[in-house]
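Written below as structure tokens is the structure these notes are about.
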Amino acid sequence: MSLVILPSIDLRNGKVVRLKQGDYSQQLNYDVDPLQVAASFAAAGARWMHVIDLDGAKEGKPVQLELLGKLAASTGLQVQIGGGIRTEDDIQRLLEAGAARVVIGTRAMQDWDWFTRLVHNPHYAGKITLALDARDGIVATHGWTETSTRTAVDVAQAVHSWPLAAILYTDVARDGMLAGPNFEQTKLLAEATDVPVIASGGVGSIEHIVALTKLPVWGAIVGRSLYEGKVNLAEAIRVAK
């Protein structure tokens, strides 16, 4: 089975940035236009794009809705959008703006009953991605600034057979560091559920992509390594197939 590569754009104040280990004080700025970056993803052969509204993640509500809509409309890519999504109204607005999938993390962990009802609403079948951001296997919330009491593997087991689009699994310690994903934890999580798993955090080389193709995961997020020339997107897509 081929691995789907999801190139990513992290937005803060309308600019393309990356955070090291989810830390807002460790921000890397890239002098690139988000719309041009998205167009380059499509030109390289990507089918999906992952977009995070970092302002939204911090404020607890989508902040850059207009730009997110432009990104979704301008490329023909299927777009997965996350960052600060806490209400059904937030979800609806993003879907109407052109998102194919909406990523929910913090609110799911805060209000599991709400999340359960949401995912099992036929209107949202296949449109919700559950974000499990973890430190040492424990789920982190609120833009990675707080830690919950649940393990990522336990949550993955709990959503077995749910009509989710995917589980987005990020090891916070690896994110933005280019040292490779947490292959062991990613494998454990993917084996714990039948929901498609997207590996995120730490991809820094083509070798990391090759290693991920050997795991039972559906997709992989690639971000900082693209902007810094360590991974060529077209090559990553070719290798992933």
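Here the condition is being of a type in the set (A, V, I, L, M), farther than 26 Å from Phe183 by Cβ and in contact (Cβ under 8 Å) with a residue 12 or more places away in the chain; of Leu130, Leu68, it holds for Leu68 alone. Residues in the stretch 178-201 that are part of a loop (DSSP other than H, G, I, E, B), in contact (Cβ under 8 Å) with a residue 40 or more places away in the chain and under 19 Å from Ala156 (Cα atoms): Val195 only.
Would you check if Val32 is assigned to a loop (DSSP other than H, G, I, E, B) and hydrophobic (A, V, I, L, M, F, W, C)? Yes, satisfied.
Could you pull out every one of the helices (runs of 4 or more DSSP H) wholly within the stretch 74-167 that has 1 or more residues that are closer than 30 Å to Ser40 by Cα?
Working: elements: 88-97, 106-110, 112-119, 152-158.
Qualifying helices (runs of 4 or more DSSP H): 88-97.
Out of the stretch 57-72, which residues are in a helix (DSSP H, G or I) and more than 25 Å from Pro196 (Cα to Cα)? Residues satisfying the conditions are Lys58, Glu59, Leu65, Glu66, Leu67, Gly69, Lys70. How many residues are of a type in the set (A, V, I, L, M) and surrounded by fewer than 19 Cβ atoms within 10 Å (Cβ to Cβ) if we restrict to the stretch 36-66? Total meeting the criteria: 5.
When every residue of the stretch 45-64 is checked against the conditions, none turns out to be within 13 Å of the chain's Cα centre (by Cα), on the phi > 0 side of the Ramachandran plot and of a type outside the set (Lys, Arg). For Gly204, are the conditions met, namely being on the phi > 0 side of the Ramachandran plot and either assigned to a helix (DSSP H, G or I) or surrounded by fewer than 23 Cβ atoms within 10 Å (Cβ to Cβ) (or both)? Criteria not met by Gly204.
Residues of the stretch 110-127 include none that is free of Cβ contacts under 8 Å to residues at least 60 places away in the same chain and under 18 Å from Asp10 (Cβ atoms).
With respect to the stated conditions, Ile138 fails to be modelled with pLDDT of 95 or more, hydrophobic (A, V, I, L, M, F, W, C) and over 15 Å from Gly60 (Cβ atoms). One residue stands out among those in the stretch 226-238 that are surrounded by fewer than 21 Cβ atoms within 10 Å (Cβ to Cβ) and either in a loop (DSSP other than H, G, I, E, B) or among the charged types (D, E, K, R) (or both): the one that is modelled with the lowest pLDDT, which is Glu228.
Across the stretch 206-225, the qualifying residues are those that are modelled with pLDDT under 95 and farther than 22 Å from Ala165 by Cα, and the one among them that is nearest to the chain's Cα centre (by Cα) is Arg224. For the stretch 114-135, the candidate set comprises residues that are among the charged types (D, E, K, R) and at pLDDT 95 or above; within that set, the residue that is surrounded by the fewest Cβ atoms within 10 Å (Cβ to Cβ) is Arg117.
Checking the structure you have, find out if any residue of the stretch 85-98 is buried (at least 23 other Cβ atoms within 10 Å of the Cβ), within 24 Å of Ala152 (Cα to Cα) and hydroxyl-bearing (Ser, Thr, Tyr). Within the stretch 85-98 (the criterion being buried (at least 23 other Cβ atoms within 10 Å of the Cβ), within 24 Å of Ala152 (Cα to Cα) and hydroxyl-bearing (Ser, Thr, Tyr)), the answer is no, since none of the residues qualifies.
Of everything in the stretch 5-28, what is surrounded by fewer than 19 Cβ atoms within 10 Å (Cβ to Cβ), assigned to a strand (DSSP E or B) and modelled with pLDDT of 85 or more? Give them in sequence order. Explain how you work it out, then say what you get.
Taking the stretch 5-28 as the starting set, the residues that turn out to be surrounded by fewer than 19 Cβ atoms within 10 Å (Cβ to Cβ) are 13-15, 20-21, 23-28.
Filter once more, keeping what is assigned to a strand (DSSP E or B): 15, 20, 23-28.
Hit for the stretch 5-28 is Lys15, nothing else.
The values are calculated or read from the model by the stated rules, or taken from the named source; none is laboratory data. Quick caveat, the model's predicted, so the values are computed rather than measured. In this analysis, Cβ positions are derived from the backbone assuming ideal geometry, glycine residues included, and neighbour counts consider all displayed protein chains.
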